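Heads up, the thing below is written out as structure tokens.
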Amino acid sequence: MSLSIVLVLAILLMAVLLFLTERLRFDVSAMLVLLALTLTGLLSFEEAFAGFSNEAVVTVASVLVLSGALARTGVANMIGDRVLQVAGNSTTGLLIAMMTTVGILSGFMNDIGVTALMLPVVVDMARRTQCPPSKLLIPLAFGSLLGGMTTLIGTTPNILISAALHEAGLRPFQLFDFSPIGYAALGAGILYMVTLGQRLLPTRRSPEARESVSPSSLAERFGISGVLFGVTVPEDSWLVGRTLAASRLGSALGITVISLHREGRQHVAPQPGFRLRSGDTVLMSGRGELLRALQAWRNLELAESEMPLSEIPAAGLGFAEVTLGKGRAGATLADWDTRSRFGVSVLGVRQAGQVRLTHLSRLGLGEGDHLLVVGSQEGLQRLGEGLSPEDGYRLLSPEEVEREYGLDRRLKEVRVPDGSALDGMPLAETQLGQAFGLHVLSIRRDHARLWLPGPADPLRANDILLVEGRRSDFALLGALQELEPGPPASTIEALSTEHHGFAEFMLQPRSPQLRARVRDLLIRQRYGLNVLAIWHGERAFRSGLADRTLELGDTLLMHGPRSKIEELASNPDFICLTRADATPYRFKRAPLAAAIMGGVVLLVLSGALPIYVAAPAGALGMVLSRCLSMEEAYRYISLRAILLIAGMLSLGRAMQTSGTAELIATTALGWLASFGTLALIGGLFLVTALSAQVMPTAAVAVLMAPIGLSTADNLGLSPHAILMTVALGSSCAFLSPVGHPVNLLVMGVGGYRFTDYARVGLPLLLVVFLVVLLLLPVVWPLSPDHP
């Protein structure tokens, strides 16, 4: 075994591990693979980056634009809606009509695009017929995967496999070469789903289900009924006269203000500028226990601290200032985690001459920012040694801290009285840091002082805490203590009015907002809507929503003005699950879009143009005819997919040139061939299909293609038959929600669990396996003479 083969196998193993663990995004992993191949000398720079100019990349990008145009002009939606309307009210009829529709559409559109397009339509049909969505949405996802097998442009693996044949000097697959086996697999899959599969699908009318859109059912599904609570603003409160934004009720308590009752009138979804008055009753959704924890701070004795900063060094502590150098942009203190890494705490940040001493954990940092740090001498030394050479570091005296940061003017001592609920409570559970960003610098107990107490350190009666914070923070703390908790001031049903209502949204699969935090979407600021809960995986989250990172398939429950719900529904980054008619399609251009797509198909079928020329021409035609704007076209092109394909194409090239593909073909697949050609086809299909459960299907196709070509060459078999097996196996991502984005897309809406996919998908995989074994030798004989 040569050194080049060892290196390729090592890089291949690294790629598989990265895909399996998902420690890095798929596109980042692919770029690391490309870089590794270049640095090790396995590929030249030109060879490594040749994947970006590969015909498959151009074809994939163009097909995504064509698919987007059919969706934007409403062609696909009209077809799907008409077919589903004739399906009747039975679950079996809906399954047959829905899977047939998405299967046909997926032959000419991207699988993810079809699923995202049909998702609100299918959910709406489920509601009308009282059929649990859990009976329809896995079939929707699986139908789109099966439909992708039917044509050359149906799915990315088919395009990549055809490009591999062309690159090897062989005839590439034509548009409908996949159809005989693909449509047979689709038909067998539909038959399985309406018989055994229907019985294996879960029936969930619990909080995960979504067969109704009444406010009470939405509240039950997302579990918000149990987290609604009301508070009344007392007279002479610090909050009186302040706006909701200035009161910081939401940020301090981690809650959402849903409505406000004043003098018998309900103000639903009040805006941040709404001013509070005494006697107002505020309906909130969130963690009521946080407010209850703050109630425990009643009767605390607050007084100005008489302890000067000069006494801190006598306790073995010191101050330091870190000046950030290059490469720190975008980092936060939470990312640094200085407390656990070095045993020091950041008390303040100075940015552009402005000093911030509270709410620091989420503050974005950049070059030139100064951090005020306190800790033991050992901790400060470890911090200094752990900084990068670009960072600045200097020790500060108490006088310099007082002069440059004004810390001494923000110190207060508070005493825990006898009988307080705080007695025995760990410091982290007091919520001071979470709610206000306040720092407890020390706890004085029985003439001894504990400096920089940890989150697990308990409080005791008569403890005196040295706390650093702004006067307004202490005033807000006092005001929150005075709030009078009570039952909810309104019912969920009363929150749904003529002008206000609830809606469920999820992000489009190719939205740039995926993996963004909810606060960064600016939904409240731009649309005046409140995010009340987020359904992720198998459960709902109702607190701390602003800092949650959104993943594919997450469902957001929102409340606010109906006009704003309509406005958000028209945003191409969002899918509205409760108002499927809100998407503004360009119906007038639908005939033109259909004609352009038909022209692409005819050009490819007639042989006038190859697919990698016809598809870009069609995509350009969609833009020039204004079926799609150029900005929308770029939105539909997935840069992540392009980077993934290009990176994996370079690894596939290295496997061929180094002899790695031939080695695998002659050992593992050569051993299978000794049991007969059917055993070889079956083994190759299963290995490819199982790989597709944990790796991107495009990556599986690219990695298996050179192995398949080497196998065909070594054993004297038809390369087309072998690569057709690889293409079909690459699309069988049925066993897990992470196998393909369409599975993740329906997971939250259908209320599925991880095991649901394996239970329903494993028999389907065996059905497709049998179809391939029976039909492939007939349609694509294994003789090398067959084209």
| field | Checklist (1) modelled with pLDDT under 85; (2) part of a helix (DSSP H, G or I) applied to A727, failing item | value | (1)
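Going by the structure shown, is P120 open to solvent by less than 30 Å² (accessible area, probe 1.4 Å) and either of a type in the set (D, E) or touching a Cys at 6+ places or on another chain (Cβ under 7 Å) (or both)?
yes
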| said: Which pairs turn up if I take residues in region 221-233 that are farther than 20 Å from H267 by Cβ and look for partners that are part of a helix (DSSP H, G or I) and at pLDDT below 70 with beta carbon separation below 7 Å, at least 6 apart in sequence or on another chain? | reply: S225/A219; V227/G288
| query | Among the residues of region 683-714, which ones are surrounded by fewer than 19 Cβ atoms within 10 Å (Cβ to Cβ) and over 20 Å from T21 (Cα atoms)? | reply | G683, L686, D713, N714
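Please specify each residue of region 356-396 satisfying the condition of being open to solvent by 60 Å² or more (accessible area, probe 1.4 Å) and either assigned to a loop (DSSP other than H, G, I, E, B) or in contact with a Gly (Cβ under 8 Å, 6 or more places away or on another chain) (or both). Please lay out each step first, then the result.
Here is the first cut: in region 356-396, the residues open to solvent by 60 Å² or more (accessible area, probe 1.4 Å) are 356, 361-362, 367, 377-378, 381-382, 385, 389-390, 393-395.
Answer for region 356-396, where residues must be open to solvent by 60 Å² or more (accessible area, probe 1.4 Å) and either assigned to a loop (DSSP other than H, G, I, E, B) or in contact with a Gly (Cβ under 8 Å, 6 or more places away or on another chain) (or both): R356, S361, R362, E367, Q377, E378, R382, P389, E390, Y393, L395.
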| query | Going by the conditions given, is D111 buried (at least 24 other Cβ atoms within 10 Å of the Cβ) and among the acidic types (D, E)? | reply | yes
| message | Among the numbered criteria (1) over 22 Å from A615 (Cβ atoms); (2) in contact (Cβ under 8 Å) with a residue 60 or more places away in the chain; (3) hydrophobic (A, V, I, L, M, F, W, C); (4) part of a helix (DSSP H, G or I), which one does C131 miss? | response | (4)
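Any idea how many residues of region 11-53 are part of a loop (DSSP other than H, G, I, E, B), polar (S, T, N, Q) and surrounded by 13 or more Cβ atoms within 10 Å (Cβ to Cβ)?
Selection size over region 11-53: 1.
Condition check ((1) modelled with pLDDT under 85; (2) more than 30 Å from R517 (Cβ to Cβ); (3) over 34 Å from the mean Cα position of the chain (by Cα)) across all residues:
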position: L317; (1), (2), (3): yes, yes, yes
position: L324; (1), (2), (3): no, no, no
position: G330; (1), (2), (3): yes, no, no
position: L333; (1), (2), (3): yes, no, no
position: R339; (1), (2), (3): yes, no, no
position: G348; (1), (2), (3): yes, no, no
position: G368; (1), (2), (3): no, no, no
position: V374; (1), (2), (3): no, no, yes
position: R382; (1), (2), (3): no, yes, yes
| message | Kindly evaluate D554 against the criterion of being charged (D, E, K, R) and open to solvent by less than 20 Å² (accessible area, probe 1.4 Å). | response | yes
| Within the set of pairs 6 or more residues apart or between chains, which connect a residue that is on the phi > 0 side of the Ramachandran plot inside region 745-767 to a residue that is of a type in the set (D, E, K, R) and surrounded by 15 or more Cβ atoms within 10 Å (Cβ to Cβ) with Cβ atoms less than 6 Å apart? | G751/R204; G751/E208
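Can you tell me which residue among P763, P784 is over 13 Å from G682 (Cα atoms), at pLDDT 90 or above and surrounded by fewer than 22 Cβ atoms within 10 Å (Cβ to Cβ)? Steps first, please.
Working: P784 fails: at pLDDT 90 or above.
None of the others qualify; the one that does is P763.
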| field | Residues being at pLDDT below 85 and within 15 Å of F319 (Cβ to Cβ) - total across region 384-397 | value | 0
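Would you mind listing the strands (runs of 3 or more DSSP E) fully within region 518-581 where at least 3 residues are under 23 Å from R635 (Cβ atoms)? So that I can check it myself, show each step before the final result.
Numbers: elements: 530-536, 539-541, 555-561, 574-576.
Those strands (runs of 3 or more DSSP E) span 555-561, 574-576.
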| said: For a quick check of your reading of the model, give me the residue pairs whose first member lies in region 430-449 and is closer than 13 Å to A315 by Cα and open to solvent by less than 20 Å² (accessible area, probe 1.4 Å), whose second is modelled with pLDDT under 80 and among the acidic types (D, E), with beta-carbon atoms closer than 9 Å and at least 6 apart or on different chains. | reply: L441/E468
| task | Kindly indicate whether any position in region 594-615 is within 24 Å of the chain's Cα centre (by Cα), of a type in the set (S, T, Y) and either more than 27 Å from V60 (Cβ to Cβ) or surrounded by fewer than 16 Cβ atoms within 10 Å (Cβ to Cβ) (or both). | result | no
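Could you list, in sequence order, the residues of region 384-420 that are among the charged types (D, E, K, R) and more than 43 Å from the chain's Cα centre (by Cα)? Full working, then the answer.
As a first pass, look at region 384-420 and keep what is among the charged types (D, E, K, R): 385, 390-391, 394, 399-400, 402-404, 408-410, 412-413, 415, 418.
Correct list: E399, E400, E402, R403, D408, R409, E413, R415, D418.
E235 - would you say it is open to solvent by 30 Å² or more (accessible area, probe 1.4 Å), part of a helix (DSSP H, G or I), at negative phi and modelled with pLDDT under 85? Give the derivation first.
Details: open to solvent by 30 Å² or more (accessible area, probe 1.4 Å): yes; part of a helix (DSSP H, G or I): no; at negative phi: yes; modelled with pLDDT under 85: yes.
The answer is no for E235.
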| task | Check region 403-416 and report whether any residue there is open to solvent by 30 Å² or more (accessible area, probe 1.4 Å), modelled with pLDDT of 80 or more, assigned to a loop (DSSP other than H, G, I, E, B) and of a type in the set (A, V, I, L, M, F, W, C). | result | no
| message | For region 140-157, give me each residue that is modelled with pLDDT of 90 or more and either touching a Gly at 6+ places or on another chain (Cβ under 7 Å) or surrounded by fewer than 24 Cβ atoms within 10 Å (Cβ to Cβ) (or both). | response | F142, G143, L146, G147, G148, M149, T150, T151
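The values are calculated or read from the model by the stated rules, or taken from the named source; none is laboratory data. Given the structure is predicted, the values throughout are model-derived calculations rather than measurements. Virtual Cβ from ideal backbone geometry, glycine too; neighbours counted across all protein chains shown. For accessibility, only protein heavy atoms count, side chains too; no ligands or nucleic acids. Shrake-Rupley method; radii C 1.70, N 1.55, O 1.52, S 1.80 Å.
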